[in-house]
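The values are calculated or read from the model by the stated rules, or taken from the named source; none is laboratory data. The shown structure was predicted, so the numbers you read here are calculated from the model rather than taken from an experiment. Note that we place each Cβ from the backbone using ideal geometry, even for glycine, and neighbour counts take in every protein chain shown. Side chains included, ligands, DNA and RNA excluded: accessible areas come from the protein's heavy atoms. Shrake-Rupley method; radii C 1.70, N 1.55, O 1.52, S 1.80 Å.
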Amino acid sequence: MLPQIKKILYATGMGPGAPYVFRYALALANQHDAQIVAVSALEPLSTFAQSLVELHISHEQSEEIHNQTQARAKELLRERVVRLCEKECADDQVCAQRVGEIQIEDGQPAQVILAAAREYAVDLIIMGAHRHTVVGDAILGSTAHKVLHSAAQPVLV
């Protein structure tokens with residue numbers, strides 16, 4: 001029996017490759033009559049960076065700026081997804097309504113993606129990958145690598 005793909009998690013860092021990766025998510029969603037959950041992560045500042053910021057502004061101001069940034073990032077992601085749907089789907093209303101949820105969370109990207117995959121019980125994760133050096137991957141790892149090795153679902157990179 002072939003696997004059922006009814007819910008796809010589209011993980012994006014909102015970078016230049018995002019539209020290209022989104023097209024794959026949309027194509028598979030159309031082929032399988034599936035919904036798309038778009039997920040992005042806002043990485044927290046390091047403790048050192050946060051302390052530098054709070055040398056110049058209060059903790060409350062820092063939190064307010066963060067909340068505004070998160071709201072703006074979600075708005076931009078939603079606008080980008082809507083534009084991509086309009087462009088890729090033309091007049092197909094079913095296609096244009098494939099994206100059911102847009103989630104932006106604070107945290108490390110791999111952890112946010114994996115948590116969203118569990119929360120939404122997705123059948124497939126689709127994400128892009130940035131090119132890194134061998135040394136950089138060995139020391140830092142990459143989001144795609146972490147998701148590939150930890151996800152319970154298939155991952156298309």
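Quick notes
- Taking amide H as placed 1.01 Å from N in the peptide plane, residue 6 has its amide H under 5 Å from the amide H of 123, each at least 5 places away in sequence or on another chain.
- GNM result for the chain, Cα springs below 10 Å: residue of 111, 31, 97 fluctuating most strongly: 31
- Spin-label proximity, residue 86 to region 7-30 - amide N less than 17 Å from point 7 Å beyond Cα toward beta carbon: 19
- Isolated cysteines of the chain, defined as having no other cysteine beta carbon under 4.7 Å away, are 85.
- Taking a point 7 Å out from the Cα of residue 76 in the direction of its Cβ, the residues of region 20-45 whose backbone N falls within less than 13 Å of it are 41-43.
- Rounded FRET efficiency, nearest 0.05, which uses the C-beta distance separating residue 6 from residue 152 and R0 of 25 Å: 0.95
- To put it simply, the accessible area of region 14-67 at a 1.4 Å probe is 60 percent carbon and sulfur.
- Residue among 39, 53, 99 with the largest mean-square fluctuation in a Gaussian network model of the chain, springs linking Cα atoms under 10 Å: 53
- Amide H to amide H, with H built 1.01 Å from N, residue 39 comes under 5 Å of 10, 11, 12, 103, counting only residues 5 or more places away or on other chains.
- The chain: relative contact order in percent, alpha carbon pairs under 8 Å with at least 6 residues between: 34
- Comparing mean-square fluctuations of 84, 76, 45 from a GNM of the chain with C-alpha springs under 10 Å, the top value falls on 45.
- Amide H contacts under 5 Å for residue 99, placed H, 5+ residues apart: 36
- Helical contribution to [θ] at 222 nm, DSSP H n ≥ 4, -39,500 (n - 2.57), averaged over the chain, rounded to 500: -17000 deg cm²/dmol
- For the chain: accessible area per residue (Å², 1.4 Å): 63
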